[in-house]
Amino acid sequence: VITAPVGGRFAVELIGVPTAGYVWEAVGVPSFLAPAGETSGPTTAAQNPPGFAGGQHWEVLAFDVKGPGMGDLRLEQRRPW
């Protein structure tokens, strides 16, 4: 359960494997929420050298609260194609 004020923003942080093509995506967003961006990055500094391939990454999806309401936010990890 997430409680956020109208006009506020919250974020969901998940671990994924985007290097294998799998990314987290919001597939069910209640009408009182609006996607507000996303970002990602490696989970360890060992993944930073140039040419490094593979490994898990954190992924953050942010949402703005446009109005009052209750509902389920559905996220799926999948290949976008």
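The values are calculated or read from the model by the stated rules, or taken from the named source; none is laboratory data. A quick note: this is a predicted structure, and the numbers were derived from the prediction, not measured. All Cβ positions, glycine included, derive from the backbone under ideal geometry; neighbour counts span all protein chains shown. Ligands, DNA and RNA are stripped out before the accessible areas are found, and what is left, the full protein with its side chains, is counted by its heavy atoms. Shrake-Rupley method; radii C 1.70, N 1.55, O 1.52, S 1.80 Å.
Heavy-atom accessible surface of the chain, averaged per residue, reaches 67 Å², computed with a 1.4 Å probe. Working note: Karplus 6.51/-1.76/1.60 with θ = phi - 60° gives region 41-48 the couplings x, x, 7, 9, 5, 5, 8, 7 Hz, where Gly and Pro are set to x. Charged neighbours of Val27, selected by a Cβ distance under 15 Å, balance to -2 (K, R count +1; D, E count -1). Calculated on the alpha-carbon coordinates, the convex hull of the chain measures out at 102 cubic angstrom per residue. Extending 7 Å from the Cα toward the beta-carbon at both Glu13 and Ala46 defines two label points whose distance is 2.0 nm. With 0.36 nm allotted per residue and the present C-alpha distance subtracted, the Val1-Thr39 stretch has 11.4 nm of extension available.
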